[in-house]
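Structure, as structure tokens:
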Amino acid sequence: MTVPARKSHERAGKRSVSLAQSLINEVEERTGRTGFSSVVSEALEEWLAAQKLREVVAADREEFGPVSAEALEQAEREW
């Protein structure tokens, strides 16, 4: 899932996070030290998009109930 990055003119904030050293090493092997923030930013954008989608689905289920078996079968056939 690729999510558009935030606007490049948006001011960057700083946070201190603790990550497994092996994870840091693997990311830096692929991006170099200067690409690390971009990878973290992209991962957070994707996580946030997934969270928002879960919220929409949960609200839909709360309002309309679960998807019926018939509707699911129809969707699978058409997919």
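The values are calculated or read from the model by the stated rules, or taken from the named source; none is laboratory data. Just so it is clear, the model here is predicted, and its values are computed rather than measured. Don't worry about glycine lacking a Cβ; one is built from the backbone with ideal geometry, like all the others, and counts go over all protein chains shown.
All told, residue 59 meets the bar of being exposed (fewer than 12 other Cβ atoms within 10 Å of the Cβ) and assigned to a helix (DSSP H, G or I). Across region 21-79, the qualifying residues are those that are over 20 Å from the mean Cα position of the chain (by Cα) and among the aromatic types (Phe, Trp, Tyr), and the one among them that is modelled with the highest pLDDT is 64.
Summed over region 62-79, residues that are surrounded by 10 or more Cβ atoms within 10 Å (Cβ to Cβ) and in a helix (DSSP H, G or I) total 5. Applying a threshold of 6 Å to beta carbon distances and a minimum spacing of six or more residues, or different chains, the list of pairs starting in region 1-29 at a residue that is of a type in the set (Ser, Thr, Tyr) and ending at one that is surrounded by 10 or more Cβ atoms within 10 Å (Cβ to Cβ) and modelled with pLDDT under 95 is empty.
Selection of region 43-66 for residues being over 30 Å from residue 23 (Cα atoms) and either touching a helix residue (DSSP H, G or I) at 6+ places or on another chain (Cβ under 8 Å) or small (Gly, Ala, Ser) (or both) yields 58, 59, 65. Filter region 25-79 down to the residues that are of a type in the set (Val, Ile, Thr) and closer than 24 Å to residue 13 by Cβ and list them by number. 27, 31, 34, 39, 40 - these are the residues of region 25-79 that are of a type in the set (Val, Ile, Thr) and closer than 24 Å to residue 13 by Cβ.
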